[in-house]
Amino acid sequence: VGEQVVLECSFKSHFPITEGLTVDWTYRPLTGGRMETIFHYQSVAYPASVGRFKDRISWVGNTAKGDASIAIQSLAMSDNGTFICSVKNPPDV
């Protein structure tokens, strides 16, 4: 609680990394409910502009090295849930 955590996500692609590569992080609260996108990356980072993680997520990945990790600051117990990282590097998914 109150700390920062890095959510690690690594990936491999059979194709060269291009500007078409996208990273999406989604979140579902531990209590259930619908999934929500909390972070998007395509050449630049697009952290959530609304919702519980607004102004608390930063990009710490390096797509050239197969890293799509993010950091979340000021964690609270209510942030507990399922985080999913999805990487697409067309035509590889």
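Could you tell me which residue of the range 68-83 is nearest to residue 11 (Cα to Cα), considering only residues that are among the aliphatic types (A, V, I, L, M) and surrounded by 14 or more Cβ atoms within 10 Å (Cβ to Cβ)?
The residue in question is 68.
Determine if the range 59-67 includes at least one residue that is among the β-branched types (Val, Ile, Thr), open to solvent by 70 Å² or more (accessible area, probe 1.4 Å), within 23 Å of residue 4 (Cβ to Cβ) and outside any loop (DSSP other than H, G, I, E, B).
no
For the range 23-37, which positions are farther than 18 Å from residue 11 by Cβ and out of contact with any Gly (no Cβ under 7 Å at 6 or more places or on another chain)? First the steps, then the outcome.
We begin by selecting, within the range 23-37, every residue farther than 18 Å from residue 11 by Cβ; these are 27-36.
Selection gives 31, 32, 33, 34, 35.
Among the numbered criteria (1) among the aliphatic types (A, V, I, L, M); (2) open to solvent by 80 Å² or more (accessible area, probe 1.4 Å); (3) modelled with pLDDT of 95 or more, which one does residue 1 miss?
Unmet for residue 1, out of (1) among the aliphatic types (A, V, I, L, M); (2) open to solvent by 80 Å² or more (accessible area, probe 1.4 Å); (3) modelled with pLDDT of 95 or more: (3).
I want to confirm something. Restricting to the range 11-49 and keeping residues that are aromatic (Phe, Trp, Tyr) and assigned to a strand (DSSP E or B), which single residue is surrounded by the fewest Cβ atoms within 10 Å (Cβ to Cβ)? Spell out how you get there, then give the answer.
Filtering the range 11-49 for residues aromatic (Phe, Trp, Tyr) gives 11, 15, 25, 27, 39, 41, 46.
Next, only the ones that are assigned to a strand (DSSP E or B) stay: 25, 27, 39, 41, 46.
Numbers: 25: 25, 27: 22, 39: 23, 41: 19, 46: 16.
Among residues in the range 11-49 that are aromatic (Phe, Trp, Tyr) and assigned to a strand (DSSP E or B), the one surrounded by the fewest Cβ atoms within 10 Å (Cβ to Cβ) is 46.
The values are calculated or read from the model by the stated rules, or taken from the named source; none is laboratory data. Computed from a predicted structure; not experimentally measured. Here the Cβ is made from the backbone with ideal geometry for all residues, glycine too, and neighbour counts use every protein chain on show. For accessibility, only protein heavy atoms count, side chains too; no ligands or nucleic acids. Shrake-Rupley method; radii C 1.70, N 1.55, O 1.52, S 1.80 Å.
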